[in-house]
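Bear in mind these aren't lab numbers, they're just calculated from the coordinates by the rules spelled out. Bear in mind that the values here come from a model prediction, so they are computed numbers and not experimental data. In this analysis, Cβ positions are derived from the backbone assuming ideal geometry, glycine residues included, and neighbour counts consider all displayed protein chains.
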Amino acid sequence: MKTIIEPFRIKSVEPIRMTTAAERESLLREAHFNPFLLRASSVLIDLLTDSGASAMSSEQWAGIMRGDESYAGSESFHRLRAVLKDLTGFENILPTHQGRASERILFELVGGKGKVVPNNAHFDTTRANTEHSGARAVNLPIPEASDPANRHPFKGNMNTSALEALIKDVGRENIPLVMLTVTNNTCGGQPVSLENIRAVRAICDKHRLPLFLDACRFAENAWFIRAREPGQQGRPVREIAREMFSLCDGSTISSKKDGLVNIGGLLLIKDPVLFQRACNLLILTEGFVTYGGLAGRDLEAMAQGFIEVVDEDYLAYRVRCVEYLGERLLAAGVRIIEPPGGHAIYIDAAHFAPHIPKTQFPGQALVCGLYRTGGIRACEIGSLMAGPHHTPEHELVRLAIPRRVYTQSHMDYVAECCAEVFKARHALRGLRITEAPEVLRHFTARFAEV
Ligand SMILES: *Cc1c(COP(=O)(O)O)cnc(C)c1O
C-alpha cells in the first residue's frame, strides 16, 4: 500500500515562525504557563483546536469574490440551500454565525425547566445552551467509551438501553428531543455507527420523539461508517451521509469543522411549524433568514466546503493523518485514547506524568512541555478544564488537527517532539493556579510552577 498523500497542492503559503528554546521559555513565562495567553505568532504548530482553523480551497476563495451581499434573497444563500438539500435532503435550512447560535435558538424553542435532553455526549456549548434554557442535559455513552485502551470501532455510540430507561424514568412528555453528536467530540472524536443511529431512531419512533443530530463532523463520521461498519464498505460517503440525515428530524451544525470554513453554522429543521418559530428567533438575534449573521461570501465558501468535505480522497487523507500521528505516539510509548478519532489525538496525561498529582494539573504540565520543546500548542482536557467542582474521568491533552493545514512532515515533527518530552517526562513540573476566574477558567487562568 502506498502513502496516503495530501490530495492537494499548495498555492498560497503562510510562514510559521521558528523560535529558540530560550525565546519559548520566556514567552511561556510571560503567558503565565497558559498557552491560551500566547500570541498565535509565537506558536509553530497550532493544535489548540480544529474549529475554524481549516484552509480554504481555491474554489472557496473564488466563492468569496462571488458572494452576493444582498440583504434578502442572496444568490449565495440559494446556492448554499441547494447544496445542503442535495447533501442532507433538508429543505428548511437556516444559516447562523456558528454552531452555538443554532443551539441557542433550538433550545430556546424546545428546552425549559423540567425538560431532559439525552445525547450520546453533549459538547460543552450544547450542554451550556441546554442548561441555560433550564433543561437538564444527560449523557448516555456506551460503557466502552470510558476505557481509553478499548478499540471498539464505534465508541461514540449512544447506550440505547440507557435511553429506554431514561425515557421510562422521566416520561416522554419531558423529553423535547433526543440528540446524537457525530462524531462524538466529548468522547474523543469517536464515530457513531449507522446501526446505532437507526436503533436510536427506532426508539424515538416508538415514543414519538424527534431525533436531532449535532452534525459538526458528519463527513468524518460517514467515512468511519464506510471503513468499519459491516455492509457499508465501498458505499459512497455522500450516500451514507444522506442516510444519516434522513434518519433525523433536524440538525445543529458548526460549519467551522466539516464545513471547511473559518466561520459559520447551520440549523436544519424538518417540522414546518418549529422551523417558522426558529426563523422568527433568528431574525431577532442573528439576522434575516437568508444570511443569519454571515456575509454572503461566507455562505458561498460554506456551500463549496460542504461539497469538498465528502470527497473521499480528502476524507482518506484526513482520517489517515490523525491515525498516523496516533500510531507514532503509541510506538513511542505514549498512551492515547484508542482508536484515534476523526479530528484529534488525546494523550493520557496521567500516564504520561504519573509523578504529577491531579491537583497540579498533569495535562497542563504536558501542554507546557510541548510548547517548550517544539513550539506546539495543545489543549488540556482534564482537571483544569473541568473546573474546581468536577472530577474528570481522565486527564487528557488534545492535539486537534486543523483540516488541510499541516503536512505529513509537520505530523512527524509533532510526533518527534512528543517522544522527546515523553523521554524526559520526569522533568515535567506540576502547576498551581495563581489567578483564575470562577467559570471556564482554562481560557485565562495563570499558573506558577510547583
Ligand atoms: C464546535 C462544536 C459545537 C459548537 O460550535 P461552535 O461553532 O464552536 O459554536 C457544537 N457541537 C460540537 C460537537 C462541536 O464540536
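Indicate the gyration tensor shape class of segment 328-450 (rounded, prolate or oblate), computed on the Cα atoms with a ≥ b ≥ c the square roots of the eigenvalues: a/c under 1.5 is rounded; otherwise a/b larger than b/c is prolate and the rest oblate.
Numbers: a/c = 1.69, a/b = 1.47, b/c = 1.14.
Because a/c hits 1.5 or more and a/b exceeds b/c, segment 328-450 counts as prolate.
Taking Cα atoms, how many degrees apart are the long axis of helix 272-285 and the longest axis of the chain, rounded to 10 and kept between 0 and 90?
It is inclined by approximately 50 degrees.
Taking the Cα centre of each part, how many Å lie between segment 49-102 and segment 376-420?
Cα centroid to Cα centroid, the span is 29 Å.
If one takes the longest principal axis of the Cα atoms in the chain, at what angle in degrees, from 0 to 90 and to the nearest 10, does the Cα axis of helix 218-228 lie?
80 degrees
Any chance you could run the full-extension gain for Glu195 through Glu438? It's 0.36 nm times the residue separation minus the Cα-Cα distance, nm to one decimal. If you can, show how the numbers build up before the last one.
On the way: separation 243, 0.36 × 243 = 87.48 nm, distance 4.14 nm.
Using 0.36 nm per residue and subtracting the Cα-Cα distance, I get 83.3 nm.
Mind pulling the angle between the C-alpha long axis of helix 312-331 and the longest principal axis of the chain? Nearest 10 degrees, somewhere in 0 to 90.
For 312-331 against the chain, the angle is about 30 degrees.
Give me the dipole magnitude in Debye, nearest 20, for the chain about the Cα centre, with unit charges on the beta carbon: positive for Lys and Arg, negative for Asp and Glu.
Working: 52 positive and 52 negative charges, 69 e Å.
The dipole of the chain has a size of about 340 debye.
First select every other residue whose beta carbon is under 10 angstrom from the beta carbon of Ser254; then total the charges, Lys and Arg +1, Asp and Glu -1.
So the surrounding residues net to +1.
Arrange the following residues from fewest to most other Cβ atoms within 10 Å of their Cβ: Arg9, Arg198, Arg238, Arg318. Could the numbers behind the result be given before it?
Working: Arg9 5, Arg198 12, Arg238 16, Arg318 24.
Fewest to most other Cβ atoms nearby, the residues stand as Arg9, Arg198, Arg238, Arg318.
R0 = 30 Å: FRET efficiency of Ile4 with Trp61, Cβ-based, nearest 0.05? All intermediate terms of the calculation are to be shown ahead of the outcome.
On the way: r = 25 Å, r/R0 = 0.84.
Step by step, r from the Cβ atoms, then E = 0.75.
Between the alpha-carbon centers of segment 296-372 and segment 134-211, tell me the distance in whole angstrom.
Segment 296-372 and segment 134-211 have Cα centres separated by 23 Å.
First check a/c for segment 79-211, with a ≥ b ≥ c the square roots of the eigenvalues of its C-alpha gyration tensor; if it is under 1.5, answer rounded, and if not, answer prolate when a/b is larger than b/c or oblate otherwise.
Numbers: a/c = 1.45, a/b = 1.14, b/c = 1.27.
Taking the square roots of the gyration eigenvalues as a ≥ b ≥ c, segment 79-211 is rounded.
How do Trp223, Trp61 line up, fewest other C-beta atoms within 10 Å first? Walk me through the numbers before you get to the answer.
Working: Trp223 25, Trp61 15.
The order, fewest Cβ neighbours first, is Trp61, Trp223.
Mean residue ellipticity at 222 nm from the helices of the chain, using -39,500 (n - 2.57) per DSSP H segment of n ≥ 4 over the full residue count, to the nearest 500 deg cm²/dmol?
Details: 16 runs with 183 residues, N = 450.
That comes out to -12500 deg cm²/dmol.
May I ask what percent, to the nearest 5, of DSSP beta bridges between residues of the chain are antiparallel?
Values: 24 of 38 bridges.
Bridges in the chain are about 65 percent antiparallel.
When a/c is below 1.5 the answer is rounded, else prolate if a/b is larger than b/c, else oblate, so apply that to segment 58-308 with a ≥ b ≥ c taken from the square roots of the Cα gyration tensor eigenvalues. Present the calculation step by step, with values, prior to reporting the outcome.
Values: a/c = 1.97, a/b = 1.30, b/c = 1.51.
Because a/c hits 1.5 or more and a/b fails to exceed b/c, segment 58-308 counts as oblate.
If Lys and Arg each add +1 and Asp and Glu each add -1, what is the summed charge of the other residues whose beta carbon sits under 11 Å from the beta carbon of Glu75? Don't skip to the answer; put the middle values down first.
Working: positive: Arg66, Arg79, Arg81; negative: Asp68, Glu69, Glu300.
Value of the local net charge: 0.
Take every DSSP beta bridge whose two residues both sit in segment 58-308, then give the antiparallel share in percent to the nearest 5.
On the way: 11 of 23 bridges.
Percent antiparallel among DSSP bridges in segment 58-308 is about 50.
Under a cut-off of 24 Å between alpha-carbon atoms, report the lysines in cross-link reach of Lys257, not counting same-chain residues fewer than 8 places apart.
The qualifying lysines are Lys11, Lys85, Lys155, Lys270.
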